[in-house]
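Each value in this text was obtained by applying a stated rule to the coordinates, not by laboratory testing. Because the structure is predicted, anything quoted here is derived from the model rather than measured. With ideal geometry, Cβ positions are generated from the backbone for all residues, glycine too; neighbour counts draw on all protein chains shown.
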Amino acid sequence: MIKALAMTPLQDLSHRASELIASLSPHVTLVAAAKTRTIEEIRTVVDAGVRVIGHNYVQEAEAMMTTLDRKIECHMIGHLQRKKAAKAVEVFDAVESLDSLSLAEALEKRCERMGKVLPVLIELNSGEESEKTGVPIREVFELAKGLGAFPHLRLVGLMTMGPMVSTPEDIRPFFRLAKECFDTLKTQDIPGSQIEQLSMGMSDTFRVAIEEGATWIRVGTALFGPR
Ligand SMILES: *Cc1c(COP(=O)(O)O)cnc(C)c1O
């Protein structure tokens, strides 16, 4: 009898997704980080209320989006190669990981051809780690200014990963730095921009990120379980 009462893994996932969403204030959006997850898992969290899926790979996103029969928003959160820009414009509703002017140029070209305006976030390397993706703070404003020349890209905010930390509290200074950078970006007059989204915080750190001003949190394992 006990066995019959136990939840299946997908029911369990559904429950976890609803609880997580219910625990968030209305101005925070959960971006479900979908890498390595199955289509059944994605369907389950969408049915439970997830509205945005984050992908690290263009192909994976494309395959999932064509299989998924539900209309949901799809964000690129992983490093995007310039040669994948054209396909990315077709697949994604937003690119959170913009990290160079040359990538922006490639995205702009494709957007222009498709008559699409693509929301983008600049990825900030808040830990200033040489091996990490994203741009250092001193280059954020120059890149942002450069985006002003691309009418089909709308700069909507900033994304950051932050360094690996052993306790969530250790990442707070990096999130605080990202928030300062975000606030400064808002005061710059970048043509066509609408800076409103600060994407930061993952499974272990999203509570801290929200305290520091995150509007989008990108959560994988805390939702789907270990990879
Ligand atoms: C995988 C991933 C996440 C989520 O990581 P978890 O620790 O599983 O929550 C967030 N952002 C990016 C860019 C990722 O690749």
Inset, instruction - Per DSSP H run of at least 4 residues, take -39500 (n - 2.57); add these up for the chain, divide by its residues and hand me the 222 nm value, nearest 500 deg cm²/dmol. - result: -12000 deg cm²/dmol
Legend entry - the range 140-213: GluC sites (Glu not before Pro) in DSSP loop, at most 16 other beta carbons within 10 Å: Glu196
Legend entry - Pairs of lysine residues in the range 68-222 - Cα separation under 16 Å, sequence separation of 8 or more or cross-chain: 5
Legend entry - Diffusion coefficient, µm² s⁻¹, Stokes-Einstein with Kirkwood Rh over alpha-carbon pairs of the range 112-227 at 20 °C and 1.002 mPa s: 145
Inset, instruction - With label points built 7 Å along Cα→Cβ from the Cα atoms of Arg82 and Arg113, find their separation and express it in nm. - result: 1.6
Legend entry - Gain in span if fully extended, Asp170 to Gln194, counting 0.36 nm per residue against the direct Cα distance: 5.6 nm
Inset, instruction - Work out Dmax and Rg for the chain from the C-alpha atoms and quote the Rg first, both in angstrom. - result: 17.7, 65
Legend entry - Likely footprinting exposure, Thr67, Thr160, fewest C-beta neighbours within 10 Å first: Thr67, Thr160
Legend entry - Distance-filtered residues of the range 184-206 - backbone nitrogen under 13 Å, label point 7 angstrom along Lys145 Cα→Cβ: 188-191
Inset, instruction - Relative to the longest principal axis of the C-alpha atoms of the chain, give the angle of the C-alpha long axis of helix 172-187, reported between 0 and 90° and rounded to the nearest 10°. - result: 50
Legend entry - Approximate spin-label separation Glu60-Asp183, in nm, with each point projected 7 Å along Cα-to-Cβ: 3.5
Inset, instruction - For the chain, with a Gaussian network of springs between Cα atoms less than 10 Å apart, report the residue from Val95, Val120, Val140 with the top mean-square fluctuation. - result: Val140
Inset, instruction - Using label points projected 7 Å from each Cα along Cα→Cβ, tell me how many nm separate Ala22 and Glu40, to one decimal. - result: 2.5
